[in-house]
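Undergrad: Just dropping this structure here.
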Amino acid sequence: MALLRENKPFIVAALPAVLDDFYRHIAKFSETAALFKSREHMAHAKQMQMKHWVLIAEGRFDAQYEASVDKIGEAHNRLLYGRL
């Protein structure tokens with residue numbers, strides 16, 4: 001966990017470009033592109049991914065991390081299955 005914390009500046013600096021590439025890639029496929037209502041919806045997903053990865057880079061897998069994982073899991077469940 002110390003290694004994550006030590007590398008947090010590098011991780012946080014790399015995240016915007018990595019996530020831009022990721023979302024640009026998934027937008028190429030109708031199955032994954034259909035999961036997003038608009039570019040704004042995709043931008044919101046990117047923002048939430050940023051927050052989650054920053055939390056991971058902090059290396060504290062505590063209640064805050066668990067709540068973030070639960071929230072992401074619930075969002076994915078709604079997107080993929082329309083329920084929760």
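The values are calculated or read from the model by the stated rules, or taken from the named source; none is laboratory data. Just so it is clear, the model here is predicted, and its values are computed rather than measured. With ideal geometry, Cβ positions are generated from the backbone for all residues, glycine too; neighbour counts draw on all protein chains shown.
Table: residues versus (1) in a loop (DSSP other than H, G, I, E, B); (2) modelled with pLDDT of 95 or more; (3) within 11 Å of the chain's Cα centre (by Cα).
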| residue | (1), (2), (3) |
| --- | --- |
| LEU15 | no, yes, yes |
| PHE22 | no, yes, yes |
| THR32 | no, no, no |
| PHE36 | yes, no, no |
| HIS76 | no, no, yes |
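Undergrad: Moving to a separate point now. Of the conditions (1) basic (Lys, Arg); (2) in a helix (DSSP H, G or I); (3) within 15 Å of LEU4 (Cβ to Cβ), ARG60 fails just one. Which one is it?
TA: Unmet for ARG60, out of (1) basic (Lys, Arg); (2) in a helix (DSSP H, G or I); (3) within 15 Å of LEU4 (Cβ to Cβ): (2).
Undergrad: Is it true that some residue in segment 44-51 is assigned to a loop (DSSP other than H, G, I, E, B), among the hydrophobic types (A, V, I, L, M, F, W, C) and either modelled with pLDDT of 95 or more or in contact with a Phe, Trp or Tyr (Cβ under 8 Å, 6 or more places away or on another chain) (or both)?
TA: Within segment 44-51, none of the residues are assigned to a loop (DSSP other than H, G, I, E, B), among the hydrophobic types (A, V, I, L, M, F, W, C) and either modelled with pLDDT of 95 or more or in contact with a Phe, Trp or Tyr (Cβ under 8 Å, 6 or more places away or on another chain) (or both).
Undergrad: Moving on. Residue check, LYS8 against (1) at pLDDT 95 or above; (2) touching a Gly at 6+ places or on another chain (Cβ under 6 Å), all met but one. Which one?
TA: Among (1) at pLDDT 95 or above; (2) touching a Gly at 6+ places or on another chain (Cβ under 6 Å), the lone unmet condition for LYS8 is (2).
Undergrad: Can you run down the residue pairs with Cβ atoms below 6 Å, 6 or more apart or on separate chains, where the first is in segment 17-35 and closer than 20 Å to GLY82 by Cβ and the partner is among the polar types (S, T, N, Q) and assigned to a helix (DSSP H, G or I)?
TA: ILE26/THR32
Undergrad: Report yes if some residue within segment 14-33 is polar (S, T, N, Q), within 17 Å of LEU79 (Cβ to Cβ) and surrounded by 10 or more Cβ atoms within 10 Å (Cβ to Cβ); otherwise report no.
TA: The answer is yes; a qualifying residue exists.
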